[in-house]
Amino acid sequence: MEKDKLYLINKIFNNEKVRTVWDKESEKYYISIIDIIAALTGSTRPRKYWSDLKKQLIFEGSEVSEKIGQLKLKANDGKYRLTDVTDIEGMFRIIESIPSKNAEPIKQWLAKLGSERIDEVFDPSIAIQRSIDLYRAKGYDENWIAKRMKSIQNRKQLTDVWKENGIEDAKEYAILTNEIYKTWSGMTSKEYKEYKGLRKENLRDNMDSIELILTDLSEEATKRLAEKHKPIGLDGNIKVAKVDVQRQKTNLEKTYEECWIKARIGLSDLLDQELSFIERINQNRYDIQIKENNIHRKNILLELSKQTPDVEKRKPLQQEIQEVNIELERLDRKIISYYDDVDKMTTSIKDSSLGLNNTIKVLFDISLLLIKEKEAQFKLEK
């Protein structure tokens, strides 16, 4: 994941050496401004170029200076020195201020992105379709994409309710979201990303179908309670979103966890079976092709044998024909067994799918009961 992000940043600068570091606390990438200048201008004195540009930006009242910090980065001589750095937003602001032909393609790309965002404001369906296309391009299957798009819709409905209840600050949204994650995973968003080895990547884009379902269920429960009780401010909304994870788990919660584990194992087994099924189909196609090649080869050998009057010269051909016949018999047995294998594998996949569907149905039923239990608990706490 980290390599992908760094690859994209380096690609912007045509793979010129641009030092980039990840800050765990702010969860941001910081990029060396001197390296940005050197990559885009080709200046032999990038520090002087940046010094002059910084003065100009400050004189013009640009807010870019507020996004500049200093970090110790490794220099060419191997020593670490304090260097001006900026985050990705600041990086693009600086690029916009550089009059260089090397910066022009990036500026054009930014203008295109800006135009697309304006189109999305007037027609949100464009953004939805663009997201679907992007997920497909990244290799997500249609089932996952459907769940992800549904989760985006549900999330929007929840944040709308929070906004009505007086939540406006981004930090407050993050606090409430952390409470929701903790209801089913026991981790905050930041902790969960670290658990998955993520940095700048979207957490939910890296969830499997079960994790998306669990997040949706928790957010749906929170939304229903928030709509009903209309808490005002952060504290009131935390009370709605929060489940006391320290309390003794009820039998219902234990059953839920057991079903969740069973569903994840069942899903993994089902995927393994489907992969084996696909491999068996591909193997059979290969065997049929090999059989056809051998039949063609046998016909050629038979024809050559007919055209060879000398008995001694025919012997090697007849021996080869016999070997081909043995191979054809082996392939016939393998191809015949394919149909038995497919029947068995199909039955197994159907049984596994049915079992998984039943487990997921139980999960949903228990989830509805847990929502009611949570609502009752909230009433008591009020």
Output for the range 90-123, where each listed residue is surrounded by 12 or more Cβ atoms within 10 Å (Cβ to Cβ) and within 19 Å of Glu63 (Cα to Cα): Gly90, Met91, Phe92, Arg93, Ile94, Ile95, Glu96, Ser97, Ile98, Lys107, Leu110
Of the criteria (1) closer than 12 Å to Asp205 by Cα; (2) at pLDDT 90 or above, which one Asp160 fails: (1)
Qualifying residue in the range 158-168 (condition: at negative phi, of a type in the set (D, E, K, R) and under 22 Å from the mean Cα position of the chain (by Cα)): no
Which listed residue is surrounded by fewer than 14 Cβ atoms within 10 Å (Cβ to Cβ), in contact with a helix residue (DSSP H, G or I) (Cβ under 9 Å, 6 or more places away or on another chain) and outside any loop (DSSP other than H, G, I, E, B), from Arg148, Arg130: Arg130
Any chance Lys163 is loosely packed, with under 12 Cβ neighbours inside 10 Å, assigned by TED's automatic domain parsing to the domain that holds Tyr30 and out of contact with any helix residue (DSSP H, G or I) (no Cβ under 7 Å at 6 or more places or on another chain): no
Criterion (surrounded by 12 or more Cβ atoms within 10 Å (Cβ to Cβ) and in contact (Cβ under 8 Å) with a residue 40 or more places away in the chain) met by exactly one of Arg330, Arg297, Arg264, Arg314: Arg264
Spans of helices (runs of 4 or more DSSP H) in the range 1-63 with at least 2 residues more than 21 Å from Pro105 (Cβ to Cβ) and either at pLDDT 80 or above or in contact with a Ser or Thr (Cβ under 8 Å, 6 or more places away or on another chain) (or both): 46-59
Candidate set: the range 196-235, residues that are basic (Lys, Arg) and in a helix (DSSP H, G or I); chosen: the one surrounded by the most Cβ atoms within 10 Å (Cβ to Cβ): Lys223
Filter result (more than 35 Å from the chain's Cα centre (by Cα) and part of a helix (DSSP H, G or I)) within the range 64-114: none
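The values are calculated or read from the model by the stated rules, or taken from the named source; none is laboratory data. None of the values given here were measured: they were computed from a predicted structure. Reconstructed Cβ throughout: ideal geometry from the backbone, glycine too, with neighbour counts over all protein chains shown.
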